[in-house]
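*Asks:* After the C-alpha cells below, expect a handful of questions from me.
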Amino acid sequence: MDKYDAYMPVDPDFFDVLEELRGQQVRIFWFNRHNELADTKGICRGVLKADQGEFVYTGVDQLVRLDNIITVNGRPGPAFDKYDAYANACLSCMGGYE
C-alpha cells in the first residue's frame, strides 16, 4: 500500500459543503495518484464510500478521493494545507544561496 492508498479521514464539515453543492456544477482541483495537480468539472452527484476511502462523484465517470481535494468551487478542501506546502516548497530552500 503506497502513501496515496492510506486514506485520511476528512473534517465532517466538508460533507456539509458537498451536500450544499449537490446537483450543482462544480470544479474540483485535487492531487491525483501521482501527486500531480488535476482538475475536473461536472455535476456534484454526492459522496460514495468504498474500501479505499470516500469519493465525490461528478457524473462524468470521475471519482475524486475526498482527502486529495484542494478546492471545490474555490472553497478549501481537505488537501488545501498539503497544496499550500506544495506551492511554497521553493520558498523554504536557499535557491543556491547559503
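*Asks:* With r as the distance between the Cβ atoms of Gln52 and Lys82 and R0 = 22 Å, compute the FRET efficiency 1/(1 + (r/R0)^6) and round to 0.05.
*Replies:* The calculated FRET efficiency here is 0.75.
*Asks:* Now for a different question. Assuming 0.36 nm per residue, please report the length gained on full extension of the stretch Asn32 to Asp13 beyond their Cα-Cα distance.
*Replies:* 4.6 nm
*Asks:* With 10 angstrom as the radius, rank Leu66, Leu37 by how many other C-beta atoms surround their C-beta, starting from the fewest.
*Replies:* Leu37, Leu66
*Asks:* With charges set only on the Cβ (+1 for Lys and Arg, -1 for Asp and Glu), what does the dipole of region 9-89 come to about its Cα centre, in debye to the nearest 20?
*Replies:* About 280 debye.
*Asks:* Under a point spin-label approximation (7 Å from Cα along Cα-to-Cβ), what is the Arg75-Asp39 distance to one decimal in nm?
*Replies:* 1.8
*Asks:* Below 8 Å, C-alpha to C-alpha, sequence gap of six or more: please give me the relative contact order for region 9-89 in percent.
*Replies:* Computed value for region 9-89: 25 percent relative contact order.
*Asks:* Could you work out how much longer the chain between Ala6 and Gln25 gets when fully extended? Use 0.36 nm per residue separation minus the Cα distance between them, nm to one decimal.
*Replies:* That pair, Ala6 and Gln25, stretches by 4.0 nm at full extension.
*Asks:* Output needed for region 9-89: three equivalent-ellipsoid semi-axes, defined as square roots of 5 times the C-alpha gyration tensor eigenvalues, in descending order, whole Å.
*Replies:* 19, 13, 13
*Asks:* Still on this structure, please answer the following. Highest first, please rank the peptides 49-57, 11-19, 69-77 by the mean number of other Cβ atoms sitting within 10 Å of their residues.
*Replies:* 69-77, 49-57, 11-19
Every number in this text was worked out from the coordinates using simple rules, so none of it is lab data. Since we're looking at a predicted model, the values are computed, not measured. Heads up, the Cβs are rebuilt from the backbone with ideal geometry, glycines too, and the neighbour counts pull from every protein chain shown.
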